[in-house]
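Notes for the one structure printed next.
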Amino acid sequence: MDQFLYNNWRNDLTAWLHERQTPGLTSQSRHAAARPVLEVLSQARQIAAGISATAGGVVVMDHNKYENLAAILDQILAMDSFSLAEYTYDLPHDKHPGLRLWYESVGSLVTVVLFEDVRQWRVDDAGQKISWQALHLDLSGGQPAPALPKGAESFFAASQGWRGALTDAMCLPVRLFHQT
């Protein structure tokens, strides 16, 4: 998707997100990362719905069980790392990129991991799935804060805040792989 089309669609998505604020997730967890993780998950759920609603011909498959995840958040956040949510993007021309929100307790991070195609995995020489870290959200301050991996500055800026950076990161599969 070229920059002009992306900017127009991103404006439509922003308007859609603003008009359709949904209640956030809640949990009884007392873990320091619980509140920011729930904020990230709530925002990601909303963004996934917004992408499906505004990007013609694109469906974001979101089969995540957010309420179940919130109910067992203490156990999840006690792990070294955990996949919080996964999204598959069904694009025209049989393309299926995906995103994963990956929690890491060391450093208290949520990383947005991008996969080019979740139906036909590309692997490196060691047999590992090829993926890209698109965005890190640092939770250590009690509020998500964007930290950009090398190369991500081409697509978004930390100065736009964590919600804007997460939105742009979740738009990457459409922006990079959708041919209009």
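The values are calculated or read from the model by the stated rules, or taken from the named source; none is laboratory data. Note that the structure is predicted; figures quoted are calculated from it, not measured. Every residue, glycine as well, gets a Cβ built from its backbone with ideal geometry; the counts of neighbours run over all protein chains shown. Accessible surface areas use protein heavy atoms only, side chains included; no ligands, DNA or RNA. Shrake-Rupley method; radii C 1.70, N 1.55, O 1.52, S 1.80 Å.
A few remarks follow.
- Residue check, ALA85 more than 11 Å from the chain's Cα centre (by Cα) and either part of a strand (DSSP E or B) or buried (at least 19 other Cβ atoms within 10 Å of the Cβ) (or both): no
- In the range 28-44, of all residues being surrounded by fewer than 19 Cβ atoms within 10 Å (Cβ to Cβ) and either in contact with a strand residue (DSSP E or B) (Cβ under 7 Å, 6 or more places away or on another chain) or of a type outside the set (D, E, K, R) (or both), the one that is farthest from GLN75 (Cα to Cα) corresponds to SER42.
- Residues satisfying the stated conditions in the range 5-27, i.e. part of a loop (DSSP other than H, G, I, E, B) and either in contact with a Cys (Cβ under 7 Å, 6 or more places away or on another chain) or open to solvent by 40 Å² or more (accessible area, probe 1.4 Å) (or both): ARG20, GLN21, THR22, PRO23, GLY24, THR26
- Some residue of the range 144-156 being more than 26 Å from ALA55 (Cα to Cα), open to solvent by 70 Å² or more (accessible area, probe 1.4 Å) and among the charged types (D, E, K, R): yes
- Screening the candidates SER140, SER159 for the property of being surrounded by fewer than 18 Cβ atoms within 10 Å (Cβ to Cβ) and either of a type in the set (Lys, Arg) or at pLDDT 90 or above (or both) yields one hit, SER140.
- Condition met for SER52 (in a helix (DSSP H, G or I), among the polar types (S, T, N, Q) and closer than 21 Å to ASP90 by Cα): yes
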